[in-house]
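The values are calculated or read from the model by the stated rules, or taken from the named source; none is laboratory data. The structure presented is a predicted model; accordingly, all values stated were derived computationally and were not measured. Virtual Cβ from ideal backbone geometry, glycine too; neighbours counted across all protein chains shown. Ligands, DNA and RNA are stripped out before the accessible areas are found, and what is left, the full protein with its side chains, is counted by its heavy atoms. Shrake-Rupley method; radii C 1.70, N 1.55, O 1.52, S 1.80 Å.
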Amino acid sequence: MISYMVKTMTFGQLRTFVVVARRGSVTAAAAELFVTPPAISAAVSALERELGLALLEREGRGIRLTGAGQAFAHYAAASLGLLEQGRDAATFAERPGTGRLRVAAVMTAGEYVVPAILKGFRRTHPDVDVQLEVGNSALVIDRLLERRADVGIGGRPSAEGSVEGRPFLDNRLIVVGAPDHPLAHRRAIDPRRIDDVWLVREPGSGTAAATQEFLSEHGVQPRAILHLGSNGAAKQAAAVGLGVTLISAQAVSLELAAGTLAVIGTRATPIARRWFALSLTGELLPGAARAFLEFVQTRTARAEVGRASRAPVTSAGPAR
């Protein structure tokens, strides 16, 4: 029987190793943590001695994780995130209305929904330190699983998984193109008539997945597909006549009002989706995160989004 005990593993050692594992470089980790490379190496070496395992090994002029390091990295990140959440929970308990809120949002929500909600939230919680990270759906889930975010904002989570979601706002997807597009301002056309270049977000984006589903389900044969890395790029490309795009109505409300984009109405759109507030299933969240989850369900939060987009929004209803 083999037994062992880790006696003096520290918060600093874990944090250092997690950053090294994420950045893949001692020098980059040192720059992020504002310490010297020798200090990084010393902290990782101390952690290796406690574990009795080699976590890093040299590869040419750089380093890489060993098999043990790869296996340990996920647990180290999750443990570090849990400790940080515990610290935030203690801060909120000691000084209600303070603490930290870490939100990870998919790009569309992060650009057009979350800022307005945070504006309203900070009226009643002005002393909460808010951190917002924006990326694709895969990034949001990763941040939650690693506990590097307390709350996520995105589409419906997978039915099987460690992440649960609370719907709080409708998200209608529509097809838009340049104002002079031959099908602009038309209604209830067959989607197959849109024989055009389709502007699609990058793989890993929820909007990209919805577009692929739309094209496949309705037998649309794009003239070509161009992948673009942001909503802004897709909107600009559509506005100059490069093609058409399926996009959240919230993301183009200002352009539609200004006449720089036009709706191409089909029998299959708008597609009803919902925004979800995401968190780890059964997770006991810090007080600031719990307060934020409660706030996003309120009429006040929805009204903030409506004012920001200059378009009416509703609470989450039935979605296909």
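For this structure, a couple of remarks:
- Pro37 meets each of the listed conditions (1) of a type outside the set (D, E, K, R); (2) closer than 20 Å to Arg148 by Cβ; (3) open to solvent by 40 Å² or more (accessible area, probe 1.4 Å) apart from (2).
- Residue pairs meeting the criteria (Cβ under 7 Å; at least 6 apart or on separate chains; first modelled with pLDDT of 85 or more, in segment 41-66; second in a helix (DSSP H, G or I) and open to solvent by 60 Å² or more (accessible area, probe 1.4 Å)): none
For every residue, the table says whether it meets (1) open to solvent by less than 10 Å² (accessible area, probe 1.4 Å); (2) touching a Gly at 6+ places or on another chain (Cβ under 9 Å); (3) not hydrophobic (A, V, I, L, M, F, W, C).
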{"residue": "Thr211", "(1), (2), (3)": "yes, no, yes"}
{"residue": "Phe214", "(1), (2), (3)": "yes, no, no"}
{"residue": "Asn231", "(1), (2), (3)": "yes, no, yes"}
{"residue": "Ala239", "(1), (2), (3)": "no, yes, no"}
{"residue": "Val244", "(1), (2), (3)": "yes, yes, no"}
{"residue": "Ala288", "(1), (2), (3)": "yes, yes, no"}
{"residue": "Phe295", "(1), (2), (3)": "no, yes, no"}
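- Residue match in segment 270-285 (condition: open to solvent by less than 20 Å² (accessible area, probe 1.4 Å), farther than 22 Å from Arg102 by Cβ and not small (Gly, Ala, Ser)): yes
- Given (1) in contact with a strand residue (DSSP E or B) (Cβ under 9 Å, 6 or more places away or on another chain); (2) open to solvent by 20 Å² or more (accessible area, probe 1.4 Å), index of the condition Arg61 fails: (1)
- Cβ-Cβ under 8 Å pairs, at least 6 apart or on other chains, segment 268-292 side aromatic (Phe, Trp, Tyr), far side part of a helix (DSSP H, G or I): Trp275/Ala109; Phe292/Phe121
- Among the residues of segment 89-113, the ones that are closer than 20 Å to Pro157 by Cβ and of a type in the set (S, T, N, Q) come to 1 in all.
- Residues that are at negative phi and small (Gly, Ala, Ser), drawn from segment 5-41: Gly12, Ala21, Ser25, Ala28, Ala29, Ala30, Ala31, Ala39, Ser41
- Selection of segment 147-178 for residues being assigned to a loop (DSSP other than H, G, I, E, B) and either of a type in the set (D, E, K, R) or open to solvent by less than 40 Å² (accessible area, probe 1.4 Å) (or both) yields Arg147, Arg148, Ala149, Asp150, Gly155, Arg156, Pro157, Glu160, Ala178.
- Among the residues of segment 254-267, those identified as crowded, with 19+ Cβ neighbours inside 10 Å and either of a type in the set (Ser, Thr, Tyr) or out of contact with any Gly (no Cβ under 8 Å at 6 or more places or on another chain) (or both) are Val263, Thr266.
- All conditions in (1) more than 30 Å from Phe276 (Cβ to Cβ); (2) open to solvent by 40 Å² or more (accessible area, probe 1.4 Å); (3) aromatic (Phe, Trp, Tyr) hold for Tyr75, with the sole exception of (1).
- Neighbours by Cβ (under 7 Å, 6+ apart or cross-chain): first from segment 172-190, over 26 Å from Arg274 (Cβ atoms); second loosely packed, with under 12 Cβ neighbours inside 10 Å: Ala178/Val240; Pro179/Gly259; Asp190/Arg267
- Criterion (touching a residue at least 24 places away in the same chain (Cβ under 8 Å) and more than 30 Å from Leu284 (Cβ to Cβ)) met by exactly one of Gly219, Gly204: Gly219
- Residue within segment 127-134 that is among the aliphatic types (A, V, I, L, M) and touching a residue at least 40 places away in the same chain (Cβ under 8 Å) present: yes
- Out of Leu139, Leu144, Leu82, Leu101, one residue alone is open to solvent by 40 Å² or more (accessible area, probe 1.4 Å), within 22 Å of Gly282 (Cβ to Cβ), hydrophobic (A, V, I, L, M, F, W, C) and in contact (Cβ under 8 Å) with a residue 40 or more places away in the chain. It is Leu82.
- Candidate set from segment 114-136 (those that are more than 12 Å from Gly152 (Cα to Cα) and in a strand (DSSP E or B)); member that is most open to solvent (accessible area, probe 1.4 Å): Asp127
- Residue match in segment 195-207 (condition: among the acidic types (Asp, Glu), crowded, with 19+ Cβ neighbours inside 10 Å and either in contact with a helix residue (DSSP H, G or I) (Cβ under 7 Å, 6 or more places away or on another chain) or more than 20 Å from Ala272 (Cβ to Cβ) (or both)): yes
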